[in-house]
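Have a look at the structure below before the remarks.
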Amino acid sequence: MMISNGIEDEEKWLAEGIAGIQHNAFYLHRALDANNLREALKYSAQLLSELRTSKLSPHKYYELYMRAFDELRRLEMFFKDEDRHGCSIIDLYELVQHAGNVLPRLYLLCTVGSVYIKSKEAPAKDVLKDLVEMCRAVQHPIRGLFLRSYLAQVSRDKLPDIGSEYEGEGDTVMDAVEFVLQNFTEMNKLWVRMQQQGPLREKEKLEKERNELRDLVGKNLHVLSQIEGVDLEIYRDTVLPRVLEQIVNCKDELAQYYLMDCIIQVFPDEYHLQTLETLLGACPQLQPTVDLKTVLSRLMERLSNYAASSPELLPEFLQVEAFSKLSNAIGKVIEAQVDMPIVGAITLYVSLLSFTLRVHPDRLDYVDQVLGACVKILSGKAKLEDSKATKQVVALLSAPLDKYDDIVTALTLSNYPRVMDHLDAGTNKVMAMVIIRSIMKNKTFVSTSDKVEVLFELIKGLIKDLEGISTDDLDEEDFNEEQNSVACLMHILYNDDPEEMLKIICTVWKHIMTGGPKRLSFTVPPLVFSALKLVRRLQGQDGDVAGEEVPATPRKIFQLLNQIIESLSVVPSPELALRLYLQCAEAANDCDLEPVAYDFFTQAFVLYEEEIADSKAQVTAIHLIIGTLQRMNVFGVENRDTLTHKATGYSAKLLKKPDQCRAVYACSHLFWVDDQDGIKDGERVLLCLKRSLRIANAAQQMANVTRGSSGPVTLFVEILNKYLYYFEKGNPQITASVIQGLVDLIKNEMQSESATGGPASDPFFTSTLRYIQFQKQKGGAMGEKYEPIKL
Amino acid sequence: MNFIIGAFKPACHISITFSDAKSRKQVPLKKENGQTIMVPLFQSQENITGKISVEPISGKKVEHNGIKVELLGQIEMYFDKGNFYDFTSLVRELDVPGEIYERKTFPFEFSTVEMPYETYNGVNVRLRYVLKVTISRGYAGSITEYQDFVVRNYSPPPSINNSIKMEVGIEDCLHIEFEYNKSKYHLKDVILGKIYFLLVRIKIKNMDLEIRRRESTGSGPNTHVETETLAKFELMDGAPVRGESIPIRLFLSPYELTPTYRNINNKFSVKYYLNLVLVDEEDRRYFKQQEITMYRLGETS
């Protein structure tokens, strides 16, 4: 209730004030029209008396002030015209001072004063000095601020600036500066006092009201910045020290923050750069609660934009040692503001970092220094729990990554991992992801094992379980994504020199082996392939390089690979391991390392036998084995026999008949390698095919028994296709009559099937027949070969 | 006596003219009846000369026992109204007893008249100068005519004129130091100075500088003192803090001041004071009064 009344009352008071102004304005206008000076002064003083109110908030007071201001403009016009009032300006200057009330008196004095300066009958500086001194008489904060703001307003175009008509004859730009500085100082004092003189319980309200008035104070700094004659020298020797002195001495948080920011915004960057020490020197002297991080951040941002505007400016930055000054200042500020939360300190360093990244991108030592400073702050404290601070640390760590396309640059920063150590596990991982993404984005190859070492140290949050966090708690999707990223990352670790590359691989291995079963299945495959890639590169050289001191030989790599794949046993992930063994075997084959290849196959078979129990997995595995084995050419007869025998054996032992059948006919390829010097054992091919036919038959009968229908003839058609393949490849065992027999068999089957109401035709079979037909008609050798087959 | 005069029309018309009436400066003078008239201005040691003409009403003769003109300096106390104390009284005989048939003019002259006191119109006292023409008649009663004039005396600027500087205060509450640039001001002077706040523990609302006139009349146990505030000039608006210094600039010309009069003929004194008044938010007044000496500075010619 009381508050609402307060607002209503204020409206009422404002309305009364406006009415008072309007009333007196009416008589004032009449007096002005009649050129009656005495009356004009009387009514203008009465009109201005309305501004003596203490009842209005700054906002409302401003409204009143603006109305009075408009009237004062008219009065000023009148004062300017001596013919109208017949009073010399000097007399007028005295006359208005007869007013009994101080506030109207001073408004009138300022108004006449501005005319006085314009008349040039007295030096501008004397009038200005007098006005600014006399205004001391108003000590009420709001009234004083508005009065002085009026003074600033009317004097603005009358300062003895360089090139201004009021310059010269002893009026120098220094007088203008002095004037504005003094007005600024007094205004700021009043502004600050508003807070101190108010009741404590209204602190917030007062702060809000004060904030509304801040631009009145800041305007003075703006005026200073607009004075032509304020060159660097004047700024450095007079303006800045005086302004800072006032800012420091006023000991007011709001004012200090606002004015520091004002300085930074209104004066040219060039000045800031040249006076950095002075400006920064003031910072630690400010109140401990001033939001310096924002102030300094803006300063640094401005300076970096400035540096970016022209490359020629860089020497200046170096000359004034901008970086070290900023860095020192930040250190001091953090020291001075003991209550500054850690997030504040980190934010400051983030700003400094982006400054140095933009201005001195070549100075990695600077970046490292900044990070080092952060480590200092973070050290002795537990892991960060404050999410804002964490965010800032992430920003801090991300900045160099964004800047340097070459991620490796960041890796040379010794403090980088030390900062990361202070992140909590979750953020640490996020950061690691950022690093990886950055690397991926820029496609920068990480090319030495040392760097890899550092890199993996950095992303260790992804590589292994960190203390206290178990992988069980993690969201599976996130985890998969993280691990996939790590997997991707491995492909970007590359060096042309095989020796170094091997070192890289070893390093990576050293790290990922600590990752535990959940991670290995993600991380092992890329590492294996990376190693295999290296093997392929060395493939040709192995024999060429003489001497035993070659560190990177395929043989060695294969040994390593063996270890790596073996690690999957703890996962366990036999299917994956099997695939990898087979890959290795193939690589070994290409390197002509029979024993190695054989060993890999052995491993694969062992896995098949001991670990792979699932029938579907078995099917997949067996086909992989067959496929791989088929391409092997390194094996001697004996080894090959052993292996093919094993493979065929496994095939026939699959659980489902169709699977058996398919595996067995696939085995036929093990005896027929369609290469120049590949094995071509037609007989054993036929054996396999016949065997598969038998299995197909058995499958058909089983189906008949269990389901009452023999089912589709797909298996037969598939086998037929195998026959056709070998027939075309010239396997002597596969003759046209054998094919004819099979075709007839299928047809038979299909007829009996259709009799029982099954599908009349099989599209697979139909197209196979069409193919045969096609081959027959094609003519030539192939046509002749097909000739005997009757459809 | 008056009723006799009232019964008849005045037998003659008397007019008093000063010889330099055209060139002499005229100043306003407030009469008892409230009217303001313009009268000539003199200063001490001047010659007061002129003519007095007596013109009988047409066709009548005026018989008299002698005509005289007096220059009177009078002090009138209001508690004793109508009773004039003449501190100066000079007489010039104009005519021996006889008869006047037609307009007759008499020159008169008072040379280098000592008029040490200024014309003054106060609250309880009045000091005036007047020329009084008396045509003495026997039983018919005397005919008199008065002509007021104003006397102002000028002083040179004082050779010693120190500033007034003082530190005053209330313990642990308010300490100020004020300074007025002079202790002696002429009537069109400007008071300059400043107030310096050494300690402020009260919430000051505003600060005024008052010019006060203290008129004391009578003497001994019958002394009567009257104080008037002639000017109230706001020096400061709002509450200052420690270390603030507030300027003073007060033009005296708009105010009707007189010089300081000390013990005029043992009858009265007029003194001036500057009163510095601080008003706090509860409208309590804190003040410090300082006497200043006012003097009339010779107008530069």
Evaluated over the range B:232-301, the Cα radius of gyration and Dmax, each in Å: 16.5, 51
Have a look at the DSSP beta bridges in the protein assembly as shown and tell me what percent are antiparallel, nearest 5. 95
Summarise the long-distance tail of P(r) for the range B:48-200 by giving the % of C-alpha pairs beyond 23 Å. 61
Exceeding 31 Å between C-alpha atoms, which entries from my cross-link table qualify? They are A:80/A:189; A:189/B:288; A:60/A:219; A:376/A:451; B:81/B:104. A:80/A:189; B:81/B:104
In the range A:84-201, with Lys and Arg counted as +1 and Asp and Glu as -1 at Cβ, which of these residues, A:141, A:106, A:127, has the Cα nearest the positive end of the dipole, that is, farthest along it? A:141
Note on the range B:210-249: residues buried by at least 30 Å² of accessible area once partner chains are added (vs chain on its own, 1.4 Å probe) come out as B:233, B:234, B:237, B:239, B:241, B:244, B:247, B:249
With 10 Å bins from zero, work out the P(r) of the range B:260-301 over every alpha carbon pair and list the percent per bin. 23, 29, 26, 16, 5, 0
Angle in degrees between helix A:203-226 and the longest Cα principal axis of chain A, rounded to the nearest 10: 80
Taking 7 Å along the Cα-to-C-beta vector as the label spot, tell me the residue A:609-residue A:421 distance in nanometres, rounded to one decimal. 5.0
Counting heavy atoms of the protein chains only and a 1.4 Å probe, report the per residue accessible area for the range A:612-657 as a whole number of Å². 49
Expected-Rg normalisation [2.2 N^0.38 Å, Cα atoms] applied to chain B: 1.33
Quick one: Debye curve from the C-alpha atoms of the range A:1-113, no solvent, what's log10 I(q)/I(0) at q = 0.11, 0.17, 0.19 Å⁻¹? -0.37, -0.77, -0.91
Per residue, what volume in Å³ does the Cα convex hull of the range A:161-211 take up? 74
Starting from the Kirkwood radius over alpha-carbon pairs of the range A:554-597, derive D by Stokes-Einstein at 10 °C in a medium of 1.306 mPa s and give it in µm² s⁻¹. 152
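Summarise the accessible area of the range A:651-738 (1.4 Å probe, protein heavy atoms) by the percent that is carbon and sulfur.
Within the range A:651-738, the accessible surface is 50 percent carbon and sulfur.
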For the range A:678-744, restrict the atom set to alpha-carbon positions and state the Rg and Dmax in Å. 13.3, 45
Quote the total accessible area buried by chains A and B together, excluding ligands, DNA and RNA, probe 1.4 Å, nearest 100 Å². 1800
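How charged is the neighbourhood of residue A:515? Take every other residue with its Cβ under 9 Å from the Cβ of residue A:515, and add Lys/Arg as +1 and Asp/Glu as -1.
On the way: positive: A:464, A:518, A:519; negative: A:465.
It works out to a net charge of +2.
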Using the Karplus curve 6.51 cos²θ - 1.76 cosθ + 1.60 with θ = phi - 60°, what ³J(HN,Hα) values do you get for each residue of the range A:118-135, in whole Hz, with x for Gly and Pro? 4, 6, 6, 7, 9, x, 3, 5, 5, 5, 4, 4, 4, 4, 5, 6, 4, 5
What are the lysines whose alpha-carbon lies under 30 Å from the alpha-carbon of residue A:722, with same-chain residues fewer than 8 places away excluded? A:616, A:646, A:653, A:656, A:657, A:680, A:690, A:747, A:776, A:778, A:785, A:790
Which cross-chain or sequence-distant (5 or more) residues have an amide H under 5 Å from the amide H of residue B:258, H modelled 1.01 Å from N in plane? none
Using the alpha-carbon atoms, what tilt in degrees (0 to 90, nearest 10) does helix A:253-266 show relative to the longest principal axis of chain A? 80
Net charge around residue A:60, counting only other residues with Cβ within less than 10 Å of its Cβ (Lys, Arg = +1; Asp, Glu = -1)? -2
Sequence gap at least 6, Cα distance under 8 Å: using those rules, report the relative contact order of the range B:106-238 to the nearest whole percent. 16
May I ask for the angle, rounded to the nearest 10°, between helix A:173-197 and the longest principal axis of chain A, with both axes built from Cα atoms and the value confined to 0 to 90°? 80
Under a point-charge model restricted to the Cβ atoms of Lys and Arg (+1) and Asp and Glu (-1), what is the dipole moment magnitude of the range A:616-663 relative to its Cα centre, in debye to the nearest 20? 260
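For the range B:170-267, give the percent of accessible area contributed by carbon and sulfur heavy atoms, probe 1.4 Å, rounded to a whole number.
43
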In Å, the C-alpha Rg and Dmax of the range B:1-135 are 16.4, 46
Over chain A, relative contact order from alpha-carbon pairs under 8 Å, at least 6 apart, %: 4
Using modelled backbone amide H atoms (1.01 Å from N, in-plane), which distant-in-sequence or interchain residues come within less than 5 Å of residue B:186's amide H? B:295
Averaged per residue, what accessible surface does the range B:195-283 expose to a 1.4 Å probe, in Å²? 41
Quick check for me: using +1 on Lys/Arg Cβ and -1 on Asp/Glu Cβ, what's the dipole size of the protein assembly as shown about its Cα centre, in debye to the nearest 20? 2920
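Expressed as a whole percentage, what fraction of the accessible surface of the range A:204-288 belongs to carbon and sulfur atoms when a 1.4 Å probe is rolled over the protein heavy atoms?
On the way: 1440 of 3520 Å².
That share works out to 41 percent.
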Give me the accessible area per residue for the range A:194-292, probe 1.4 Å, as a whole number in Å². 45
Let me see the P(r) profile for chain A: every Cα-Cα distance counted, bins of 20 Å, each bin given as a percent of all pairs. 13, 25, 21, 15, 13, 10, 2
Can you give me the Cα centroid spacing of the range A:668-743 and the range A:174-190 in angstrom? 105
What does the charge count near residue B:185 come to, summing +1 for each Lys or Arg and -1 for each Asp or Glu among other residues with Cβ under 12 Å from its Cβ? +2
Between residue A:475 and residue B:199, what's the calculated FRET efficiency when r is the beta-carbon distance and R0 is 45 Å? Round to 0.05. 0.10
Dividing the helical contributions, -39500 (n - 2.57) per DSSP H run of n ≥ 4, by the residues of the protein assembly as shown yields a 222 nm value, nearest 500 deg cm²/dmol, of -17000 deg cm²/dmol
Suppose every K and R has +1 on its Cβ and every D and E has -1 on its Cβ; what is the size of the dipole of the range A:1-159 about the Cα centre, in Debye to the nearest 20? 320
Residue (of A:34, B:124, A:488) at the positive-pole extreme of the protein assembly as shown, dipole from beta-carbon charges: B:124
Short version: ³J(HN,Hα) in whole Hz for each residue of the range A:77-93, in order, from phi by Karplus 6.51 cos²θ - 1.76 cosθ + 1.60 (θ = phi - 60°), x for Gly and Pro, what are they? 4, 5, 4, 5, 9, 4, 4, 7, 10, x, 10, 5, 4, 5, 5, 4, 4
Using each residue's phi in the range B:45-50, evaluate 6.51 cos²θ - 1.76 cosθ + 1.60 at θ = phi - 60° and report the 3J(HN,Hα) Karplus result to the nearest Hz, with x for Gly and Pro. 6, 8, 7, 10, 10, x
Let me check against my output: what whole-number percent is the relative contact order of the range B:147-301, with C-alpha pairs under 8 Å and at least 6 apart? 27
In Å, what Kirkwood hydrodynamic radius results for the range A:586-639 from the alpha-carbon pair distances? 11.6
Any GluC sites (Glu not before Pro) in the range A:155-240 that lie in a DSSP loop and have at most 15 other Cβ atoms within 10 Å would be A:165, A:169, A:228
Can you list the residues of the range A:166-203 that have at least 30 square angstrom less accessible area with all protein chains present than in their chain by itself, probe 1.4 Å? A:193, A:197
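The values are calculated or read from the model by the stated rules, or taken from the named source; none is laboratory data. Small disclaimer: the values here were computed from a predicted structure and weren't measured. Here the Cβ is made from the backbone with ideal geometry for all residues, glycine too, and neighbour counts use every protein chain on show. Remember, those area values only see protein heavy atoms, side chains included, never the ligands or the DNA or RNA. Shrake-Rupley method; radii C 1.70, N 1.55, O 1.52, S 1.80 Å.
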